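One structure is given below, encoded as structure tokens.
The values are calculated or read from the model by the stated rules, or taken from the named source; none is laboratory data. Since this is a predicted model, take the numbers as computed values, not measurements. Because the Cβ atoms are built from the backbone with ideal geometry, glycine has one as well, and the counts that use them run over all protein chains shown.
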Amino acid sequence: MDKYEKVKKIGEGSFGKAILVKSKEDGRQYVIKEIGISAMPSKERQESRKEVAVLANMSHPNIVQYKESFEEGGCLYIVMDYCEGGDLFKKINSQKGVLFSEEQILDWFVQICLALKHVHDRKILHRDIKSQNIFLTKAGTVQLGDFGIARVLNSTVELARTCIGTPYYLSPEICENKPYNNKSDIWALGCVLYEMCTLKHAFEAGNMKNLVLKIIRGSYPPVSVHYSQELRSLLALLFKRSPRERPSVSSILDKPFLACRIERFLTPQVKHTVVLQTELFALTRL
């Protein structure tokens with residue numbers, strides 16, 4: 001930690017602490033995740049190190065950039081870029097009930113999908129997609145962050161059973177304690193899209209039991225007709241109760257009203273880099 005000067009603590013969760021720091025080398029601000037590993041069994045400790053290796057390979061304009069990691073005093077420290085624009089959750093709350101334009105929603109949504117496609121193409125589940133884990137840079141670029149509980153799948157048929165995530169974003173299959181795959185990320189993506197359209201959670205209840213019932217039924221208040229039929233139909237697809245019926249992130253991006261926006265966010269140079277990374281990643285899996 002000698003290279004960094006602590007500015008303030010900006011978050012705390014099951015993973016540990018998030019600290020805003022300033023680099024003594026380049027003067028830039030970064031976020032450091034501090035994860036206590038001394039009490040972890042050695043297998044879990046190894047898993048944490050694997051997660052860091054996954055993060056180190058996640059280079060994409062719409063994913064929060066990893067800088068470095070190190071271990072010190074029984075803690076694992078992960079250094080990430082700092083997004084000055086805050087998170088999407090705060091942005092939604094700051095609207096004070098004034099709805100976002102469809103143009104703005106679709107621009108943000110496409111960038112989230114591009115990030116998620118990069119993740120899913122690598123057989124990785126994010127498993128904690130929520131508006132608090134989607135960040136905005138000073139320039140307004142959307143970046144997906146917090147892969148703290150992401151997990152590399154050994155093969156496309158391996159399914160994760162762990163029930164993790166913020167209750168509002170849990171999919172029906174998780175609520176029913178069934179195996180799930182990347183389609184649970186798609187459900188959570190639907191929850192984020194719904195929040196951007198309504199400034200509210202799709203599924204809300206006074207207690208966990210009622211919340212789970214609402215999620216399993218897939219019942220949510222309709223989105224305003226102020227938004228296009230295409231957008232509302234997409235939301236209905238993301239909220240299909242059966243994971244098999246939900247679209248993949250690639251097929252979402254293939255929809256003409258979204259596909260036409262991709263060029264704005266992926267320059268030819270970035271596209272070429274992303275393709276190369278995908279090919280290299282595929283080779284390392286052979």
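Which residue is nearest to the chain's Cα centre (by Cα), if the candidates are limited to the stretch 105-131 and must be under 14 Å from Tyr169 (Cα atoms) and not in a helix (DSSP H, G or I)? I'd like the intermediate steps shown before the answer.
Step one: filter the stretch 105-131 for residues under 14 Å from Tyr169 (Cα atoms), giving 126-131.
Next cut, not in a helix (DSSP H, G or I) only: 126-130.
Numbers: His126: 6, Arg127: 8, Asp128: 6, Ile129: 4, Lys130: 6 Å.
In this case the residue turns out to be Ile129.
Please list, ordered by first then second residue, the pairs with beta carbon atoms under 6 Å, 6 or more apart or interchain, first in the stretch 46-66 and at pLDDT below 85, second not aliphatic (A, V, I, L, M).
Once the first residue is at pLDDT below 85 and sits in the stretch 46-66, its partners that are not aliphatic (A, V, I, L, M) give Val52/Ser69; Leu55/Tyr66; Leu55/Phe147; Ala56/Tyr66.
Out of curiosity, is Leu76 buried (at least 21 other Cβ atoms within 10 Å of the Cβ), of a type in the set (A, V, I, L, M), in contact (Cβ under 8 Å) with a residue 24 or more places away in the chain and under 20 Å from Ile10 (Cα atoms)? So that I can check it myself, show each step before the final result.
Numbers: buried (at least 21 other Cβ atoms within 10 Å of the Cβ): yes; of a type in the set (A, V, I, L, M): yes; in contact (Cβ under 8 Å) with a residue 24 or more places away in the chain: yes; under 20 Å from Ile10 (Cα atoms): yes.
For Leu76, the condition - buried (at least 21 other Cβ atoms within 10 Å of the Cβ), of a type in the set (A, V, I, L, M), in contact (Cβ under 8 Å) with a residue 24 or more places away in the chain and under 20 Å from Ile10 (Cα atoms) - is met.
Take the stretch 243-262 and flag every residue that is touching a Lys or Arg at 6+ places or on another chain (Cβ under 8 Å) and part of a helix (DSSP H, G or I).
Selection gives Pro243, Arg244, Val249, Ser250, Leu253.
Could you figure out which of (1) out of contact with any Ser or Thr (no Cβ under 7 Å at 6 or more places or on another chain); (2) within 28 Å of Lys123 (Cβ to Cβ) isn't true of Ser23?
Tallying (1) out of contact with any Ser or Thr (no Cβ under 7 Å at 6 or more places or on another chain); (2) within 28 Å of Lys123 (Cβ to Cβ), Ser23 fails exactly one: (2).
Does Glu71 satisfy being at pLDDT 85 or above, in a strand (DSSP E or B), more than 22 Å from the chain's Cα centre (by Cα) and not assigned by TED's automatic domain parsing to the domain that holds Leu125?
On the way: at pLDDT 85 or above: yes; in a strand (DSSP E or B): yes; more than 22 Å from the chain's Cα centre (by Cα): yes; not assigned by TED's automatic domain parsing to the domain that holds Leu125: yes.
For Glu71, the condition - at pLDDT 85 or above, in a strand (DSSP E or B), more than 22 Å from the chain's Cα centre (by Cα) and not assigned by TED's automatic domain parsing to the domain that holds Leu125 - is met.
Report, by residue number, each residue of the stretch 253-267 that is surrounded by fewer than 11 Cβ atoms within 10 Å (Cβ to Cβ) and within 13 Å of Trp108 (Cα to Cα). Even if it seems obvious, please write down each step before you answer.
Within the stretch 253-267, the subset surrounded by fewer than 11 Cβ atoms within 10 Å (Cβ to Cβ) is 256, 263-264.
The one that is surrounded by fewer than 11 Cβ atoms within 10 Å (Cβ to Cβ) and within 13 Å of Trp108 (Cα to Cα): Arg264.
Can you name every residue in the stretch 203-232 that is closer than 12 Å to Gly190 by Cβ and either exposed (fewer than 13 other Cβ atoms within 10 Å of the Cβ) or β-branched (Val, Ile, Thr) (or both)?
Once the filter is applied, which keeps residues that are closer than 12 Å to Gly190 by Cβ and either exposed (fewer than 13 other Cβ atoms within 10 Å of the Cβ) or β-branched (Val, Ile, Thr) (or both), the stretch 203-232 yields Ile215, Val223.
Go through the stretch 233-242 and give me each residue that's surrounded by fewer than 17 Cβ atoms within 10 Å (Cβ to Cβ) and outside any helix (DSSP H, G or I). So that I can check it myself, show each step before the final result.
Going through the stretch 233-242, the residues surrounded by fewer than 17 Cβ atoms within 10 Å (Cβ to Cβ) turn out to be 233, 236-237, 241-242.
Of everything in the stretch 233-242, those that are surrounded by fewer than 17 Cβ atoms within 10 Å (Cβ to Cβ) and outside any helix (DSSP H, G or I) turn out to be Arg241, Ser242.
Take Lys50 and tell me if it is assigned to a strand (DSSP E or B) and within 23 Å of the chain's Cα centre (by Cα).
Against the criterion (assigned to a strand (DSSP E or B) and within 23 Å of the chain's Cα centre (by Cα)), Lys50 does not qualify.
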